[in-house]
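What follows is one structure encoded as structure tokens, with my remarks underneath.
The values are calculated or read from the model by the stated rules, or taken from the named source; none is laboratory data. Every value quoted in this text rests on a predicted model; they were computed, and no experiment measured them. No Cβ is skipped: glycine too gets one built from the backbone with ideal geometry, and neighbour counts run over all protein chains shown.
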Amino acid sequence: MLTSGMPWPGDEGEQRWEQAWTAIKKVWASKWNERAYFSTRKVKLDHDYLCMAVLVQEVINADYAFVIHTTNPSSGDTSEIYAEVVKGLGETLVGAYPGRALSFVCKKNNLNSPQVLGYPSKPIGLFIRRSIIFRSDSNGEDLEGYAGAGLYDSVPMDKEEKVVVDYSSDLLINDGKFQQAILSSIAGAGNAIEELYGSPQDIEGVIRDGKVYVVQTRPQM
């Protein structure tokens, strides 16, 4: 963490280190949460077989967060990327938050021409100080025929701030050139990652100051 330039809790006093250690223990403990236990039992996967590690990542104070499916999940069109974008951190997109995300599709042979399908209605955006997040990394995340993703917890060291979103001043909504640049960069990242792994991908990431940061990718189920 020190060599990567990530914020190190030990530099900010004993209380911050205790916050970090508490978050790490919460991730480990999520191996035994109710939804994970019953899900593994349902598919006859021995719970004792599961091993939990903890990934440490810097939290980017995102302007936008996105999820990409490199094969359109609605139509099954392998030539078309489908993605959704929200203001702030991605928890409002992947969690049970009300409202719609901005959604768009983009042909892989024309990445500079994204097509918006729907505009956002999510009332809240989540924002956070420069921090770190502790993420689950188990051998039950993406087993074939076993939808383990989401069973285990990712715990940020700091609490997110809820902010009411003002879409009237959001460049992603009211500036066509900005919108095209951001959506094209998201689609381009998705296409590059799919080419790298050689199969359809389910990708999460964020945008900060126009730069794409990929948080994780997994095979698209």
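For segment 113-120, check the following and say yes or no: at least one residue is touching a residue at least 40 places away in the same chain (Cβ under 8 Å), part of a strand (DSSP E or B) and farther than 16 Å from Gln220 by Cβ. Among the residues of segment 113-120, at least one is touching a residue at least 40 places away in the same chain (Cβ under 8 Å), part of a strand (DSSP E or B) and farther than 16 Å from Gln220 by Cβ, which makes the answer yes. If you take the residues of segment 1-47 that are acidic (Asp, Glu) and either at pLDDT 80 or above or not in a helix (DSSP H, G or I) (or both), which of them is surrounded by the most Cβ atoms within 10 Å (Cβ to Cβ)? Of everything passing the filter in segment 1-47, Glu18 is surrounded by the most Cβ atoms within 10 Å (Cβ to Cβ).
Those residues that are among the hydrophobic types (A, V, I, L, M, F, W, C) and farther than 13 Å from Glu91 by Cα, I need them from segment 153-162; list them, please.
Met157
Arg129 fulfils the conditions (1) part of a loop (DSSP other than H, G, I, E, B); (2) within 27 Å of Trp17 (Cα to Cα); (3) at pLDDT 85 or above; (4) of a type in the set (Lys, Arg) except for a single criterion, (3).
The condition of being under 21 Å from Ile186 (Cβ atoms), acidic (Asp, Glu) and surrounded by fewer than 19 Cβ atoms within 10 Å (Cβ to Cβ) holds for only one of Glu80, Glu91, Glu84, that being Glu91. Looking at segment 161-221, the strands (runs of 3 or more DSSP E) lying wholly inside it that each contain 2 or more residues that are touching a helix residue (DSSP H, G or I) at 6+ places or on another chain (Cβ under 6 Å) and surrounded by 14 or more Cβ atoms within 10 Å (Cβ to Cβ) sit at 201-208, 211-219.
Looking at the structure I just gave you, is Ala53 surrounded by fewer than 18 Cβ atoms within 10 Å (Cβ to Cβ), in contact (Cβ under 8 Å) with a residue 24 or more places away in the chain and part of a strand (DSSP E or B)? Spelling it out, Ala53 is indeed surrounded by fewer than 18 Cβ atoms within 10 Å (Cβ to Cβ), in contact (Cβ under 8 Å) with a residue 24 or more places away in the chain and part of a strand (DSSP E or B).
Hey, could you check segment 80-110 for residues that are in a loop (DSSP other than H, G, I, E, B) and within 22 Å of Tyr152 (Cβ to Cβ) and say which is modelled with the lowest pLDDT? The qualifying residue modelled with the lowest pLDDT is Ala96.
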